[in-house]
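The values are calculated or read from the model by the stated rules, or taken from the named source; none is laboratory data. Since the model is a prediction, treat every value here as computed from it, not as a measurement. Reconstructed Cβ throughout: ideal geometry from the backbone, glycine too, with neighbour counts over all protein chains shown.
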Amino acid sequence: MRVLMLSWEFPPHIVGGLGKHVADLAPALAQAGLDIHVVTPDLRGGPSVEQICAGATVYRVPTADRVIEQQSVIAFSQTSNLYLERKAWELASTLGGFDIIHGHDWLVAYASVAIKYALKRPLVVTVHSMERGRMQGTLVSEQSLAINGAEWWLTYEAWRVITVSHYMAQQVSSYFSIPADKLDVIYNGVMKPQNAPLGPAERAAFRQTYAAPDEKIAYYVGRLVHEKGVHVLIEAAPLILSKQPHIKFLIAGTGVYTDVLRQLVEERGVAANFIFTGFITDDVRDKLYQVADVAVFPSLYEPFGIVALEAMAHGCPVVVSETGGLAEFVTAHETGILTRCGDPESLAWGVLHTLQNPVWTARRVANALRMVEEVYNWQRIAGQTANTYCRVHDEWQASDWGQ
């Protein structure tokens, strides 16, 4: 089966979990025997054509002038989708067509739907997040309304819709009136750590970059935007420091909320205990999972929460807010600590409980690692995705559309 996959993100262009998802899913599908062709905009370089493994090829397509992006992400995505569509049509002509088209999120909606009708082949869509969720349920601008409209249109045009959590499936069904029998829930996965664990001396030297030997490290990694709830961690910091004064809060990532967060730590008098690293490489991210005493993800809105899964895979204890996809794979007191969403006192309790009860924490870490290996591996997830492809292809063959 030959699959055309359209994604706005692919390494080295990574903004959130979507790019990581596609980068791990494509080779896993190829290893399962599918022929995968990923078309993505060339937004941060990389080879124009790259075979990432046998059976999986990535095509990075030049886009519209980036000046347009500064004026309107809607206009930039629409214009850039024309380039993606042309590349997809070129590949279809060269390769002899595709059996399935798989679009990831609204930013590739225009090309995904256009190619669906041009080739008369069924479209599968994965919804990774939704504008209503990111905006806390309110569409307050013309841009939000336009994005919401594109999301609805994409799910309407899809033969089947994949969501990354049951939480997302409920949102898609509720917001867009998508029937439940059109939805498949297929969780995100995580790769096993590729590098050997840090040795004692290397670990101590790396850790010293961020904290003194007697200081604990509470670690957040991800986008710095309102819905990730980093401000809740900052509000919780004085409560944590009152019981655990020797601690550094490590905030890794970039985003439009950075200046607001920096101002907030100053206002709360905790700036000396916070380190904003900015962008970090995957290698540094993974090393920080190894040296951190707790990973904290206080999201207000979280379709899945792949960073928490990555922390688990590296043996780092997690404290998360009880929301969205996080609440589906973090089981309270079994694989992590769940705290009330948006509640600094609850978050402070979760961090302190983790730091002050090392035996219980170690048990949760072991349970989480076992769960990640058994349930959230990419071979299993690729198999589920391939099953959706096969179902869609069989239904398409039995239909009159496109025959």
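Could you tell me whether the range 160-169 includes any residue that is in the same structural domain as residue 301 (by TED's automatic domain parsing), aromatic (Phe, Trp, Tyr) and under 21 Å from the mean Cα position of the chain (by Cα)? Let's see the steps before the verdict.
Looking only at the range 160-169, we keep the residues that are in the same structural domain as residue 301 (by TED's automatic domain parsing), and these are none.
Checking the range 160-169: not a single residue is in the same structural domain as residue 301 (by TED's automatic domain parsing), aromatic (Phe, Trp, Tyr) and under 21 Å from the mean Cα position of the chain (by Cα).
Scan the range 40-54 residue by residue and report those that are loosely packed, with under 15 Cβ neighbours inside 10 Å and of a type in the set (Asp, Glu).
Result: 50, single match.
Has the range 29-36 got any residue that is surrounded by fewer than 23 Cβ atoms within 10 Å (Cβ to Cβ) and in a strand (DSSP E or B)?
yes
Considering 342, 325, 305, 278, which residue is surrounded by fewer than 17 Cβ atoms within 10 Å (Cβ to Cβ) and closer than 20 Å to residue 14 by Cβ?
After ruling out the rest, the residue left standing is 278.
For the range 281-298, give me each residue that is of a type outside the set (Val, Ile, Thr) and surrounded by fewer than 24 Cβ atoms within 10 Å (Cβ to Cβ).
Within the range 281-298, 282, 283, 285, 286, 287, 289, 290, 293 qualify.
Assuming residue 184 fulfils every condition listed in (1) touching a residue at least 40 places away in the same chain (Cβ under 8 Å); (2) buried (at least 16 other Cβ atoms within 10 Å of the Cβ); (3) more than 17 Å from the chain's Cα centre (by Cα); (4) in a helix (DSSP H, G or I) apart from one, which condition is it?
Failing condition for residue 184: (4).
So if I check each of 234, 217, 247, 240, which one is more than 15 Å from residue 293 (Cβ to Cβ), crowded, with 17+ Cβ neighbours inside 10 Å and β-branched (Val, Ile, Thr)?
Within the list 234, 217, 247, 240, the selection yields 234.
Restricting the range 152-195 to residues that are touching a strand residue (DSSP E or B) at 6+ places or on another chain (Cβ under 7 Å) and acidic (Asp, Glu), which is farthest from residue 311 (Cα to Cα)?
157
Quickly run through the range 163-180 and pick out the residues that are among the small types (Gly, Ala, Ser) and in a helix (DSSP H, G or I).
Across the range 163-180, the qualifying residues are 169, 173, 174, 180.
Among the helices (runs of 4 or more DSSP H) lying completely within the range 218-321, list those that include at least 1 residues that are β-branched (Val, Ile, Thr) and touching a residue at least 40 places away in the same chain (Cβ under 8 Å). Quick ask: steps written out before the conclusion?
Numbers: elements: 230-243, 258-267, 282-291, 306-313.
Where helices (runs of 4 or more DSSP H) fall fully within the range 218-321 and carry at least 1 residues being β-branched (Val, Ile, Thr) and touching a residue at least 40 places away in the same chain (Cβ under 8 Å), they are 230-243, 282-291, 306-313.
Do any residues in the range 381-403 that are touching a residue at least 12 places away in the same chain (Cβ under 8 Å) and among the aromatic types (Phe, Trp, Tyr) have Cβ atoms under 9 Å from those of residues that are surrounded by 12 or more Cβ atoms within 10 Å (Cβ to Cβ) and assigned to a helix (DSSP H, G or I), where the two are at least six apart or on different chains, and which pairs are they?
Sorted first by the residue in the range 381-403, then by its partner, the pairs are 389/29.
Kindly provide the set of residues from the range 255-293 that are within 20 Å of the chain's Cα centre (by Cα), more than 12 Å from residue 210 (Cβ to Cβ) and not polar (S, T, N, Q), ordered by number.
Selection gives 255, 256, 257, 278, 279, 282, 283, 285, 286, 289.
Conditions tested, residue by residue: (1) at pLDDT 95 or above; (2) in contact with a helix residue (DSSP H, G or I) (Cβ under 6 Å, 6 or more places away or on another chain).
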residue	(1), (2)
113	yes, yes
131	no, yes
141	no, no
151	yes, yes
154	yes, yes
157	yes, yes
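When residue 276 is evaluated against the numbered criteria (1) touching a helix residue (DSSP H, G or I) at 6+ places or on another chain (Cβ under 7 Å); (2) closer than 22 Å to residue 357 by Cα, which criterion, by number, is the only one it fails?
So the condition that residue 276 fails would be (2).
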